[in-house]
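Where a number appears in this text, it was derived from the coordinates with a stated rule and is not lab data. Here the structure is a predicted model, which is why all the values come from computation and not from measurement. Cβ coordinates were reconstructed from backbone atoms using ideal geometry, including for glycine residues, and neighbour counts include every protein chain displayed.
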Amino acid sequence: MTHPPSQSIGLAELIQQVKKELLSTVPGQSSDAPILFVESVELELQVTVSREGSGGVKIDVLAVGGGELGGTLKRENVHTVKVSLSPLFDKERLMEFYQTLHSDKVPTTVKQSLEALLKGEEGNLSNQF
C-alpha cells in the first residue's frame, strides 16, 4: 500500500519533529528558560518497510490507530519499532551551556534551585554517610 505523499511520514522526519517539539519553549513564552529536562523519550511506532526502485529502504510511520490496512498492504508488512531518544549531555552540562548562552533568561531562584537539585547527582546520599 502506498500512502499519498500528504499522509506519509518517514521515520527520520517523525523523529526530527519530536526532537524539535521537545526542544522548543512553551508556546507564547519564547523568552523563558526551559524548566523541564527530558531524561529520555521512548516512541513505539507501527511502520511499514518497503524497498524503493533505487535499492534503498523506505520506512513510513502508520497513522495513529494503526492506519488503514487496505489495498496491497498485508499485516506482515507492518512492524512495531521502539525508538529511544536521550540527550547527548547530562543535566549539569546542558544547564552550563544554557546559562552561558542565555544567562539573562535564567532567574536567580531557578539557578539556585537547579544547583540544589544537581548536587545529589553523583550518587545515592545514603552511601555518602
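In terms of packing, defined here as the mean over residues of other Cβ atoms within 10 angstrom, the peptides 11-18, 48-55 line up highest first as 11-18, 48-55. Computing FRET efficiency as 1/(1 + (r/R0)^6) for Val83 and Lys105, where r is the C-beta to C-beta distance and R0 is 30 Å, gives about 0.45.
With the simple model of a label 7 Å out from the Cα in the direction of the Cβ, Lys20 to Ile59 spans 1.9 nm.
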